[in-house]
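> Got a structure for you, questions after.
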Amino acid sequence: MSDVVIVGASLAGLRAVESLRNQGFDGSVTVVGNENRGLYDRPPLSKKFLAGEWDADRIRLRKPEEIVALRADWRFGTTATALDTSRRIVTTSAGDIAYDACIIATGGVVRRLPNQPTHRGIHVLRTIDDAEALRDELVADKHLVVIGAGFIGLEAAATARAKGCRVTVLEGLPAPLVRGLGETMGRTVARVHHDNGVSIRCNVRVEEILGGPTVTGVRITNESGDGEVVDADTVLVGIGVAPATDWLADSELTINDGIVCDENLQCAPGVFAAGDVARWPNALFADVEPTMRVEHWTTASEQGAHAAANVVAQLAGQPLAPYAAVPFFWSDQFTSRIQFLGRGTNADDVRIVAGNPDDGKFAAAYFADDRLTAVLGVSLPKAVMPARKLLQDRVSKAQALAHFSEATT
Amino acid sequence: MTGHGYRVEINRETCISSGRCVGDAPGAFVFDENELATVGAAVTDLAETKLLRIARDCPGEAIIVYGTDGVPLQLH
């Protein structure tokens with residue numbers, strides 16, 4: 001009988017356990033997770049949970065009886081501190097655990113500003129505890145300042161605005177959502193925030209969060225290069241996450257903005273990675289991005305299951321399967337339902353291919369090196385999803401444009 | 001013992017193809033040629049608990065479960 005250890009008790013870890021059992025794996029499964037709130041779903045933390053519409057029970061990832069049926073040893077509140085790949089041991093805050101195969105799904109650690117103070121009213125948003133603390137401060141007419149106009153920051157901004165808060169978003173780059181959508185589409189998608197009274201200020205530099213013991217404001221260098229203080233009752237620092245790999249510093253694994261894996265998500269003999277921590281060569285995008293790391297919900301889900309399938313294969317002496325997929329994420333902001341398929345970061349051309357941004361419903365195609373690399377949709381799901389096949393087939397720009405012109409006529 | 005006796009439908013206008021249902025219960029839910037989720041034959045074999053949880057968790061709120069009286073269950 002084999003022992004599998006899964007490090008990380010969130011979505012990717014859960015899907016790994018389910019995949020092991022679905023494939024008939026009958027050995028022991030131990031899951032180590034550093035949080036102590038059980039298995040919960042993160043997307044609602046910036047949306048309905050933050051709004052107070054859903055409670056902790058509503059965002060539980062599985063029913064208690066489903067968890068029991070998985071026959072796993074769940075060790076919540078336990079932190080993995082080291083990995084010895086030659087002796088096959090995971091060291092944790094509660095002792096060593098030996099493994100025959102290990103899946104690392106430790107996710108991300110929320111980024112903070114350099115010298116970020118600890119005044120009351122300064123928040124980050126990654127865990128359910130974070131969301132509860134922020135939720136309690138979203139009171140009508142209070143001023144929330146969000147540092148960072150990424151997806152989490154803008155979702156939280158929309159939620160706070162709907163609760164009646166005044167909301168200002170501060171962004172260092174020239175447009176919101178640049179990292180995910182690029183400058184033009186980032187600006188276009190964020191229009192819905194302006195329409196709903198959220199102030200998004202780009203090209204500003206955050207110098208210091210002011211206050212003590214309670215936050216009072218944020219000192220910035222503003223759009224014109226002048227010093228300015230933006231008053232705040234609450235500050236949310238939403239500048240992304242870093243892959244949770246510090247605990248692997250002394251291991252034999254290669255760390256380079258994530259755990260470097262092969263195409264099968266394997267990073268050492270018998271060790272696989274899944275979700276936010278995994279950097280791997282995605283064969284569908286190798287020409288535009290040799291390796292990638294993806295922080296999307298669906299990627300964590302799929303990679304957790306895929307890594308577990310490879311564990312089962314390896315234990316049975318069978319060949320491993322590569323993980324190649326079109327990354328996908330969605331985001332809800334006010335009335336906009338945003339969907340994104342593929343990778344937009346290296347695009348050299350972006351075109352509207354359906355609908356009209358002025359109506360709040362459109363789709364845009366992203367091209368790099370004359371081929372389709374991504375499709376963005378806002379409140380137009382039926383136009384977007386058929387493009388998954390185009391992305392899987394790595395179609396040329398001409399083929400993609402022909403498809404979209406046919407689809408819209 | 002599996003099965004639930006409910007009729008299940010997917011609203012193709014609101015499905016965002018998140019893949020939650022398809023990933024969680026392959027065969028019960030499948031992607032069609034347009035990459036939208038659709039109900040598969042195995043849906044009748046799903047345990048009631050699991051079906052209702054999957055329907056409730058659909059981010060597009062696109063999975064409709066009809067009670068025996070033909071009225072959609074209130075899941076959201």
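> How many residues are within 21 Å of the chain's Cα centre (by Cα) and under 23 Å from residue A:338 (Cα atoms) if we restrict to the range A:13-53?
12
> Are any residues in the range B:28-47 within 11 Å of chain A (Cβ to nearest Cβ) and either open to solvent by less than 30 Å² (accessible area, probe 1.4 Å) or more than 24 Å from residue A:12 (Cα to Cα) (or both), and if so, which ones? Reasoning before the result, please.
First, the residues of the range B:28-47 that are within 11 Å of chain A (Cβ to nearest Cβ): B:31-37, B:47.
Correct list: B:32, B:33, B:34, B:35, B:36, B:37.
> Is one or more of the residues making up the range A:323-336 closer than 30 Å to residue A:25 by Cβ, crowded, with 20+ Cβ neighbours inside 10 Å, in contact with a Lys or Arg (Cβ under 6 Å, 6 or more places away or on another chain) and not assigned by TED's automatic domain parsing to the domain that holds residue A:290?
yes
> Restricting attention to the range A:100-121, which residues are hydroxyl-bearing (Ser, Thr, Tyr) and surrounded by fewer than 23 Cβ atoms within 10 Å (Cβ to Cβ)?
Just the residues of the range A:100-121 that are hydroxyl-bearing (Ser, Thr, Tyr), to begin with: A:106, A:118.
Listed by number, the list holds a single entry, A:118.
> Would you tally the residues in the range A:263-293 being within 14 Å of another protein chain (Cβ to nearest Cβ) and among the hydrophobic types (A, V, I, L, M, F, W, C)?
Counting residues in the range A:263-293 that are within 14 Å of another protein chain (Cβ to nearest Cβ) and among the hydrophobic types (A, V, I, L, M, F, W, C) gives 1.
> Give the residue, chosen from B:70, B:23, B:19, B:60, that is on the phi > 0 side of the Ramachandran plot, within 11 Å of another protein chain (Cβ to nearest Cβ) and open to solvent by less than 50 Å² (accessible area, probe 1.4 Å).
Details: B:70 fails: within 11 Å of another protein chain (Cβ to nearest Cβ); B:23 fails: on the phi > 0 side of the Ramachandran plot; B:60 fails: on the phi > 0 side of the Ramachandran plot.
Result: B:19 is the single residue among B:70, B:23, B:19, B:60 that is on the phi > 0 side of the Ramachandran plot, within 11 Å of another protein chain (Cβ to nearest Cβ) and open to solvent by less than 50 Å² (accessible area, probe 1.4 Å).
> Now for a different question. Within the range A:61-94, how many residues turn out to be surrounded by 18 or more Cβ atoms within 10 Å (Cβ to Cβ) and charged (D, E, K, R)?
3
> Now for a different question. If you go through the range A:248-261 one residue at a time, do you hit one that is open to solvent by 20 Å² or more (accessible area, probe 1.4 Å), within 16 Å of the chain's Cα centre (by Cα) and touching a residue at least 12 places away in the same chain (Cβ under 8 Å)?
yes
> Sticking with this structure for a sec: Scanning the range A:300-344 for residues that are farther than 29 Å from residue B:14 by Cβ and among the β-branched types (Val, Ile, Thr), which turns out farthest from the other protein chains (Cβ to nearest Cβ)?
A:311
> Can you tell me which residues in the range A:122-137 are open to solvent by 10 Å² or more (accessible area, probe 1.4 Å) and not β-branched (Val, Ile, Thr)?
Scanning the range A:122-137 gives A:123, A:125, A:126, A:129, A:130, A:132, A:133, A:135, A:136, A:137.
> In the range A:374-409, what residues are within 14 Å of another protein chain (Cβ to nearest Cβ) and at positive phi?
A:379
> Against the conditions (1) in contact with a Pro (Cβ under 9 Å, 6 or more places away or on another chain); (2) crowded, with 23+ Cβ neighbours inside 10 Å, where does residue A:9 fall short? Just the number, please.
For residue A:9, the failing item is (1).
> So, residue A:134, is that one in a helix (DSSP H, G or I), farther than 19 Å from residue A:77 by Cα and in contact (Cβ under 8 Å) with a residue 40 or more places away in the chain or not?
On the way: in a helix (DSSP H, G or I): yes; farther than 19 Å from residue A:77 by Cα: yes; in contact (Cβ under 8 Å) with a residue 40 or more places away in the chain: yes.
Yes; evaluated as a whole, the condition is true for this residue.
> Ok, one more. Consider the range A:38-68. How many of its residues are away from every other protein chain (no Cβ under 14 Å) and within 21 Å of residue A:296 (Cα to Cα)? Outline the logic, then answer.
Taking the range A:38-68 first, the residues away from every other protein chain (no Cβ under 14 Å) are A:38, A:50, A:52, A:56.
Of the ones still in play, those that are also within 21 Å of residue A:296 (Cα to Cα) are A:38, A:50.
Number of matching residues: 2.
The values are calculated or read from the model by the stated rules, or taken from the named source; none is laboratory data. Being a predicted model, the structure only gives us computed values, none of them experimental. Backbone-built Cβ (ideal geometry, glycine too); neighbour counts: all protein chains shown. Ligands, DNA and RNA are stripped out before the accessible areas are found, and what is left, the full protein with its side chains, is counted by its heavy atoms. Shrake-Rupley method; radii C 1.70, N 1.55, O 1.52, S 1.80 Å.
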